[in-house]
Amino acid sequence: MSDHVTIYTDGACSGNPGPGGWGALLVNDGREKELCGGEPDTTNNRMELKAAIEALRFLQVHCRIDLHTDSNYLRQGITEWLPGWKRKGWRTANGHPVKNQDLWMELEQQAHRHQVTWHWVKGHAGHPGNERADLLANQGLRRGCPPPSQDSPTPFAKVSPPEVPTPVPSPAAAVSSETLVRRYTLRVAHTFAASHALRGYDGDCARMHGHNWQVELFVTATTLDKVGIAVDFKVVKQTLRDILATLDHHHLNDLPPFQALNATAENIAAHIYGQAAQRLLGCGGQVSKVRVWETENSYCDYEELTS
């Protein structure tokens, strides 16, 4: 392992303040390490800072680092504003207390352990590393996954998906020695039409062509509200329509994240899953699966499972 590491970080927040997540992708000699985590009540800026802190903390020896972020707050704070804040006793130019002082102090401590060059990249503009970090941040937001242990024997092996907390089952009768868990699965479907071209594909699909995709969104819940509803169908239907409206009648190669990833049925399903999971936070259920039909005879399912 060389001492040079490239890092991409990102933060996400639903509500700001609200549930949040952070993600970091570390690259060293062609090997990768994915980190993510989440907090139930936070802000987007705190998650941007947390992503950088945890990425730097993970590296236990001195490294030369190129860290890429789409947050000017993070980059300018660490490279320009921090010395002035410290001189003024952690006060801004207007005399107000510096927000997130605890994280700025921790970030400075971690950055001093390394030689860090800070880079700003435009977010959601198709930069592959930034798109990966964004996906990890949203994974952290949805799952609240903890950062991996620094004691991992293979520090640059890809991490497994975080475990999903086991839902509390609704009251049910015991069957033998096991507890029956009732689960309700809702399914809604909608369509969109768009064109794409598969970069690097050896075949006709490398040329621009179009599809009429049908998308099915599955949401599960274990309890009903006082009306007897698991999750309101109206909310789930509208969520799917809103997501597909951002894709409908577009050339997908021009849209993030498909500027960096091929718009295959697999990647489209994963993208819709992530968008739906974020938008349906707090709805009473959990997105369990997205199915994308490319033709009437072929589809791809995307799920996020624990190992």
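The values are calculated or read from the model by the stated rules, or taken from the named source; none is laboratory data. Nothing here was measured: the structure is a model prediction, and the numbers come from that model. FYI the Cβ positions are ideal-geometry reconstructions off the backbone, even for glycines, and counts take in every protein chain you see.
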Taking the range 230-260, which residues are under 19 Å from the mean Cα position of the chain (by Cα), of a type in the set (A, V, I, L, M, F, W, C) and in a helix (DSSP H, G or I)? LEU240, ILE243, LEU244
Against the definition (among the aromatic types (Phe, Trp, Tyr), in contact with a Ser or Thr (Cβ under 6 Å, 6 or more places away or on another chain), part of a strand (DSSP E or B) and at pLDDT 85 or above), how does PHE218 come out, yes or no? yes
For the range 255-269, state whether one or more residues are more than 23 Å from ALA194 (Cα to Cα) and out of contact with any Asp or Glu (no Cβ under 9 Å at 6 or more places or on another chain). no
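What are the residues in the range 24-64 that are in contact with a Ser or Thr (Cβ under 7 Å, 6 or more places away or on another chain) and modelled with pLDDT of 90 or more, if any? Walk me through it before giving the result.
Initially, the range 24-64 is screened for residues in contact with a Ser or Thr (Cβ under 7 Å, 6 or more places away or on another chain), giving 24, 27-29, 48, 51-52, 55.
Within the range 24-64, ALA24, VAL27, ASN28, GLU48, ALA51, ALA52, ALA55 qualify.
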Could you tell me which numbered condition LEU25 fails, if it satisfies all but one of (1) at positive phi; (2) surrounded by 23 or more Cβ atoms within 10 Å (Cβ to Cβ)? (1)
Residues of the range 258-274 satisfying the condition of being buried (at least 21 other Cβ atoms within 10 Å of the Cβ) and closer than 19 Å to ALA137 by Cβ: PHE258, LEU261, HIS271, ILE272, TYR273, GLY274
Residue that is farthest from LEU26 (Cα to Cα) [pool: residues in the range 65-109 that are in contact with a helix residue (DSSP H, G or I) (Cβ under 8 Å, 6 or more places away or on another chain) and in a strand (DSSP E or B)]: ARG91
The correct count of residues that are out of contact with any Phe, Trp or Tyr (no Cβ under 9 Å at 6 or more places or on another chain), in contact (Cβ under 8 Å) with a residue 24 or more places away in the chain and of a type in the set (Gly, Ala, Ser) in the range 191-222 is 3
Given (1) more than 19 Å from THR246 (Cβ to Cβ); (2) surrounded by fewer than 18 Cβ atoms within 10 Å (Cβ to Cβ); (3) in contact (Cβ under 8 Å) with a residue 12 or more places away in the chain; (4) touching a Leu at 6+ places or on another chain (Cβ under 8 Å), number of the condition ASP225 does not satisfy: (4)
